1. If you fit an axis through the alpha-carbon atoms of helix 34-43 and take the longest principal axis of the Cα set of the chain, what angle between them do you get, 0 to 90°, nearest 10?
2. Could you tell me the calculated FRET efficiency between residue 60 and residue 161, based on Cβ-Cβ distance and R0 = 25 angstrom, to the nearest 0.05?
3. How do 126-135, 57-66 rank on mean C-beta neighbours within 10 Å, highest first?
4. Measure nothing fancy, just the Cα-based angle from helix 163-174's long axis to the longest principal axis of the chain, in degrees from 0 to 90, nearest 10.
5. Report the extension gain between residue 52 and residue 150 in nm, rounded to one decimal, defined as 0.36 nm multiplied by the number of residues separating them, less their alpha carbon distance.
6. Suppose R0 equals 35 Å. What FRET efficiency, 1/(1 + (r/R0)^6) with r the Cβ-Cβ distance, do residue 194 and residue 70 give to the nearest 0.05?
7. Over the chain, what is the percentage of antiparallel beta bridges among all DSSP beta bridges, to the nearest 5?
8. Kirkwood Rh, Cα Rg: Rg to Rh for region 2-107?
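What follows draws every value from the coordinates through simple rules; no lab data is involved. Source: prediction; values computed, not measured. Note that each Cβ is placed from the backbone with ideal geometry, even for glycine, and that neighbours are counted across all protein chains shown.
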Ligand code: SAM
């Protein structure tokens, strides 16, 4: 059985009882970064073998994990933060398991964009999650122009390195409307800013933005 296990996006307490139980019971835990996941495992007194499964070894390691699953081993798949498969290599293993008729189940938990959507107060009955926007300015703006045509709440992920450039592009494409920047959710410096791009840009130009971000438009 492949157990897809959601883990915290910051606060280590945000894990379900079932997730802890499953992590304690499996033969092996496949993690993006074993050192990162060890912090969580140590916190809950879980001492199970771990192995790395990340972007650059996902094909070779995927086959290795598939063989173990075929032998009848129970494997838990976790990512560095939140829900495996949401913008991390978990997707590849989940697909491989499905194609090979491996039994799988999901132990639900946090996802950064759902937390941001709920906190934003923006309409949540219909929304579009755009993942990470393209790196290159031209492609990013084209993507934003396409998103601006949607008649629903739009969410995307962003890092501290690109947040200023992305906010400038949002300002240009969407104009001065209120957006929401959700930063470091569930962590010590959690912050939810509800303001126009201009105001947020001014704030971030004064105090360098740090951490992880979800943008809600
Ligand atoms: N699997 C994760 C999930 O379920 O949300 C997403 C993984 S993706 C590689 C990492 C991105 O998620 C970060 O760059 C950031 O945009 C967003 N993110 C993760 N944790 C966050 C947090 N605590 N606060 C705000 N955004 C977060």
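1. 80 degrees
2. 0.30
3. 57-66, 126-135
4. 60 degrees
5. Full-extension gain reported as 31.5 nm.
6. 0.10
7. Antiparallel bridges make up about 45 percent of those DSSP assigns within the chain.
8. 0.92
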